[in-house]
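Below is one structure; the comments refer to it alone.
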Amino acid sequence: MYKINIYHYGASHKKPAPHNDMITPYGYGSIRKIFLACLLIDAVSMFFPDGQKMVLLLMSTILLGVTFWFFRDPERTVPEDGKALLSPADGRIILVRKCDNSYTGNGSTLVSIFMSPFDVHVNRIPVSGRVTLLRYRPGKFLMAFDIRSLESNESMEIGIDTGTARLLFSQVSGFLARRIVCTLEEGVRVKAGTRFGMIRFGSRVDVIMPPEASVMVREGQKTRAGETLLARF
């Protein structure tokens, strides 16, 4: 099990905290820091004239509100379909192309999902099975929509064996997203649609599906984690 400090650049593996249906536990640490920073801003504002005080108070309120909004974690209706391959992320599909991969096989299909800062950033398991691969790869922090980031950016690769097929997907950091959170461990069984981590701020998730998968999406399409059908086995 990887142990990379979540407060430094890199991926982190932790046991998931209880979920409260509003804010993801993956953001508790950041929310506490922002909250303390806002309290400091509010305290300092008391020493300024009324006009400047109001501006500082407004800034701290907006900052705290944006933080809570970013770490939102709405419930999703997960399809009861054992052959469905679901989207692991909210966002927009920026690439669909054929590729060869040592884990999924030759003739696989890559689907790349770009997550803007406005999307929900909690990631969900795309298919039920057993985690057979976890590989953290250090790298650069190019813009997530830059085609060069496919090979160059920091990422966490996750492989799942369904029993009949194998799927590989990657949490990829971007220019702003430099915190990858992954709570999985090799050997554990996972269920499609369940939460397993997040990428903080704008980023990307790549899904490499095996040749036998029938792709159901196209470039430019919007996705919702745990609900959008990417393909069927």
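Worth pointing out:
- Compared with the direct C-alpha span, the chain from T164 to T132 gains 10.2 nm at full extension, assuming 0.36 nm per residue.
- Fewest-first sequence of V44, V78 by Cβ atoms within 10 Å of each Cβ: V44, V78
- Ranked D90, D119, criterion: other C-beta atoms within 10 Å, fewest first: D119, D90
- Couplings 3J(HN,Hα) of region 107-121, computed from phi: x, 6, 10, 9, 10, 10, 10, 8, 9, 7, x, 8, 7, 5, 9 Hz, in residue order, whole Hz [Karplus 6.51 cos²θ - 1.76 cosθ + 1.60, θ = phi - 60°; x for Gly and Pro].
- In whole angstrom, region 84-232 maps to an equivalent ellipsoid with semi-axes of 20, 17, 15, each derived as √(5λ) from the alpha carbon gyration tensor and ordered largest first.
- Under 5 Å from the amide H of L134 lie the amide H atoms of G159, each residue being 5 or more positions distant or on a separate chain, with H modelled from the backbone and absent for Pro and chain starts.
- By the Cα gyration tensor, region 25-70 has an equivalent ellipsoid whose semi-axes, rounded to whole angstrom, run 23, 11, 4 from largest to smallest.
- Pairs from K83/K222; K33/K222; K98/K191 whose Cα-Cα separation, in the structure shown, is over 23 Å: K33/K222; K98/K191
Read-outs: derived from the displayed coordinates by stated rules, not from any lab. If you're wondering where the values come from, they're calculated on a predicted model, not measured in any experiment. Virtual Cβ from ideal backbone geometry, glycine too; neighbours counted across all protein chains shown.
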